[in-house]
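Scroll down for the structure; my scribbles are underneath it.
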Amino acid sequence: MAKSEISDPFEKARLEKGIGEMDDQNDPVIMALRHKDVRRCAHNHKTFISGAEPGRIVIPSEVSIRDIRQIPFEVDPPMHGVYRAVVEPWFKRPLEADYNTALKKQIGAIIDEALSKDVVEVVKEFALVLQSRALTLLFNVPFSESQTWISWGTHVFRSQETALDASKANVLYDYIDKQITHAIANPGDDFYSMLLAAEVNEKKLTKEEIKGVIILTFAGGRDTVINAVTNSIAYFAEHPKALHRLKEDPKLVNFAIEELIRYFSPLTHMGRVVTEDTHVCEHAVKADSRISLNWASANRDASVFEKPNEVLIDRKINPHVAFGFGTHNCLGATHARQILKVLINILIDKVGSIDIIEAEDNIETLGEFKRKVGFNSIKVKFNASNTL
Amino acid sequence: MTKITFITQDNESIIVEGNSGNVMELAVQNKIKGIEGNCGGVCSCATCHVHVQPEDWDRVGAPSTLESDMLEFDDHVSEYSRLCCQINVDDTIDGIVLKVAN
Ligand code: HEM
Ligand code: FES
């Protein structure tokens, strides 16, 4: 099997039952697997809520390690929309020309460095660095902050050893407390200061609410972006023709980004808590139990996607749900898409080929299902495009 | 040139012109409020949702199955809903009026 290949462990269950089952810390989860059911459940925010006990819609559950509610992620309409309106314009900044210029400079430097090395371990030396530096643009804080974030390693809440690592979370919480205190004393044009100045329903956000937004911004954009970047490098290493095709026809870059995100589905699924006895794909689910919306499975649904297990970089109609669907669709998608766009354009420009030297998969276990989400580590050699 | 009128949620009318690409791209170029085109036109984000005037519906045409599936669970869906990244800018739609859904 090619190293960049990401297979679909849900196919059989999706076709036969439409659902999958898994346990998680004695709070089982029924996973909706079909594209239509995932969309239907995501849309039905009254029966399938996000605003449950903080941490419960995350799988594995973070109930025992976190009390702070992540905002707007763990809030339902109508309040969800009120919070979302506060942060939405900020998350659109990646579309601004200056942001793009800065991102190009950052990623260009990372690629130049990679080209100068014999071996690059992509997860830690490339994707983590890229993700952390790019996040300074989203926060609008000094570039040097990325050093601290890089030092936290690849997971903010989760570590390799234990599924849930409270000590890692504390590092993040202490850091955020300090940054908020600093921004109160020195208001500027960073994300913290914007939140401190913001009002919802004519009231300032509380410190607790601000923390909830910040934590989410760190957590939501970390593993997802790292996996998307790493998997893209692995893909282009094994499919050099795809890179050449994008070079010849740059209009395809946008289609390629959406298709890679569909194929990778960096966030496998996300939970909801059920408010009344109901059904998911004709399967009974009880009030106060959990379901999940399995984006990764929906994105391989053959009733929606032709050749779902193939990357077709020119897939024109691609109704994927990798960034979610409806109410809670990903706020960081603009940032993530810009990262991939700049990355691909610079690869086209500077990199001729990439050789994979060795790779170790990162596999998630969801009950009986095992899904590859990316790599624990992958060593590659980047080769420049014009070896004159 | 094909002329298209957008009516935003604030009831502002904006007439734009183009002769290539799709309607979402034209709207984004002209900064039409409520049309974001987040997914770049692959029918995944539904941030390009418009309501076609009934009298223009035949010219614009009905959505494909995949497109109507994406619209099915949208809060603002109507029987004249389209994702305008799936509508090409060409003569057949000259003069149509589109109401921005968001
Ligand atoms: C390729 C990268 C990414 C993927 C695949 C991804 C995926 C998702 C998905 C599937 C959701 C929906 C969750 C739900 O319905 O409960 C979501 C929500 C969210 N994501 Fe992302 N994400 C990515 C990058 C980012 C980044 C870079 C950030 C921020 C820095 C971010 C911040 C958020 C936030 C704040 C939400 C919650 C939105 C709300 O509740 O209204 N994400 N993401
Ligand atoms: S631009 Fe995303 S669906 Fe039309």
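Quick check: the distance between the Cα centres of the range A:308-343 and the range B:63-90, to the nearest angstrom? Between the Cα centres of the range A:308-343 and the range B:63-90 lies a distance of 18 Å.
Heavy-atom surface analysis with a 1.4 Å probe gives the range A:251-304 a carbon and sulfur content of 52 percent of its accessible area. Highest mean packing comes first when the peptides B:32-45, B:52-65, B:88-101, A:231-244 are listed by Cβ atoms within 10 Å, giving B:32-45, A:231-244, B:88-101, B:52-65. With R₀ fixed at 35 Å, the C-beta to C-beta distance from A:ASN383 to A:ALA85 puts the FRET efficiency at about 0.15.
Shielding of B:34-42 by partners, i.e. mean partner chain Cβ atoms within 10 Å per residue?
Neighbouring Cβ atoms belonging to other protein chains average 5 per residue here.
Tell me, what is the per residue accessible area of the protein assembly as shown in Å², probe radius 1.4 Å?
Details: 21180 Å² over 490 residues.
Normalised by residue count, the accessible surface of the protein assembly as shown is 43 Å².
Highest first, please rank the peptides A:120-127, B:11-18 by the mean number of other Cβ atoms sitting within 10 Å of their residues.
Result, highest mean Cβ count within 10 Å first: A:120-127, B:11-18.
Which of rounded, prolate or oblate describes the range A:209-312 when judged by the alpha-carbon gyration tensor and an a/c cut-off of 1.5? Since a/c reaches 1.5 but b/c is at least a/b, the shape of the range A:209-312 is classed as oblate.
Obtain the radius of gyration and the Kirkwood radius of the protein assembly as shown from its C-alpha atoms and give Rg over Rh.
Working: Rg = 22.4 Å, Rh = 23.5 Å.
The Rg/Rh ratio comes out at 0.95.
Within the accessible area of chain B, the carbon and sulfur atoms contribute 43%, probe 1.4 Å, all protein chains present. Spread over its residues, the convex hull of the C-alpha atoms of the range A:81-134 is 78 Å³ per residue. Let me know the shape class of the range B:2-100, please: from the alpha-carbon gyration tensor, a ≥ b ≥ c as square roots of the eigenvalues, rounded when a/c is under 1.5, otherwise prolate if a/b is greater than b/c, or oblate. It comes out rounded by the Cα gyration axes.
Report the FRET efficiency, 1/(1 + (r/R0)^6), for B:ASP75 and A:ASN186, where r is their Cβ-Cβ distance and R0 is 45 Å, rounded to 0.05. Before the final figure, lay out each step's value.
On the way: r = 41 Å, r/R0 = 0.91.
Taking R0 as 45 Å, the efficiency between B:ASP75 and A:ASN186 is 0.65.
With the helix formula -39500 (n - 2.57) applied to DSSP H stretches of n ≥ 4, chain A reaches a computed 222 nm mean residue ellipticity of -13500 deg cm²/dmol.
Take the Cα of A:ILE357, step 7 Å toward its Cβ, do the same at A:GLU310, and the gap between the two points is 3.4 nm. With 0.36 nm allotted per residue and the present C-alpha distance subtracted, the A:SER144-A:ARG93 stretch has 16.3 nm of extension available.
Counted residue by residue at 0.36 nm each, then reduced by the alpha carbon distance between them, the extension gain from A:SER303 to A:ASN44 reaches 91.1 nm.
The values are calculated or read from the model by the stated rules, or taken from the named source; none is laboratory data. A quick note: this is a predicted structure, and the numbers were derived from the prediction, not measured. Here the Cβ is made from the backbone with ideal geometry for all residues, glycine too, and neighbour counts use every protein chain on show. Heads up: the accessible areas ignore ligands, DNA and RNA and are worked out on the full protein's heavy atoms, side chains in. Shrake-Rupley method; radii C 1.70, N 1.55, O 1.52, S 1.80 Å.
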